[in-house]
Amino acid sequence: MFRSIGLPELLVLCVIVGPLIVPAIFYLLTLQRALERCSQELRTMGLVLLLNIFAGPVTLVCWILYWVKIAGYARMLAPPLQPIAAGGSGTLG
């Protein structure tokens, strides 16, 4: 039913996920360094981390809604289709 992932699929996955993971890793390293320099009482980042967890999916949903809206505008700006006359030659052009 499921086949194993081959080299082409793995390369595509690395090309897509790689650019997303690298900035996240650097962000987490910077956040860790900043928190290590704070006192123990100030290290409670629960709310910030919770907001960051939901920020990714919310951003994706907003981007999809924007994309759908732009597609609707493109349809509104498109010229109307010309009806095909009955009994035509059947060739394009």
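Residue by residue through region 33-43, note down the ones that are surrounded by fewer than 10 Cβ atoms within 10 Å (Cβ to Cβ) and in a helix (DSSP H, G or I). Talk me through it step by step, then tell me what you get.
Step one: of region 33-43, the residues surrounded by fewer than 10 Cβ atoms within 10 Å (Cβ to Cβ) are 33, 36-37, 39-42.
Across region 33-43, the qualifying residues are Arg33, Glu36, Gln40, Glu41, Leu42.
Among the residues of region 4-15, write down those that are hydrophobic (A, V, I, L, M, F, W, C) and either surrounded by 10 or more Cβ atoms within 10 Å (Cβ to Cβ) or in a loop (DSSP other than H, G, I, E, B) (or both). Outline the logic, then answer.
At the first step, the residues of region 4-15 found to be hydrophobic (A, V, I, L, M, F, W, C) are 5, 7, 10-15.
Within region 4-15, Ile5, Leu10, Leu11, Val12, Leu13, Cys14 qualify.
Looking at (1) assigned to a helix (DSSP H, G or I); (2) loosely packed, with under 10 Cβ neighbours inside 10 Å, which is the one condition that is false for Ala55?
Every condition holds for Ala55 apart from (2).
Can you report the number of residues in region 58-84 which are polar (S, T, N, Q) and either surrounded by fewer than 10 Cβ atoms within 10 Å (Cβ to Cβ) or touching a Gly at 6+ places or on another chain (Cβ under 7 Å) (or both)?
Of the residues in region 58-84, 1 are polar (S, T, N, Q) and either surrounded by fewer than 10 Cβ atoms within 10 Å (Cβ to Cβ) or touching a Gly at 6+ places or on another chain (Cβ under 7 Å) (or both).
Throughout, read-outs are computed from the coordinates displayed, never taken from laboratory work. The model shown is predicted, which means the values in this text are computed figures rather than measured ones. For neighbour counting, all protein chains shown are included, and Cβ atoms are generated from backbone atoms with ideal geometry for every residue, glycine included.
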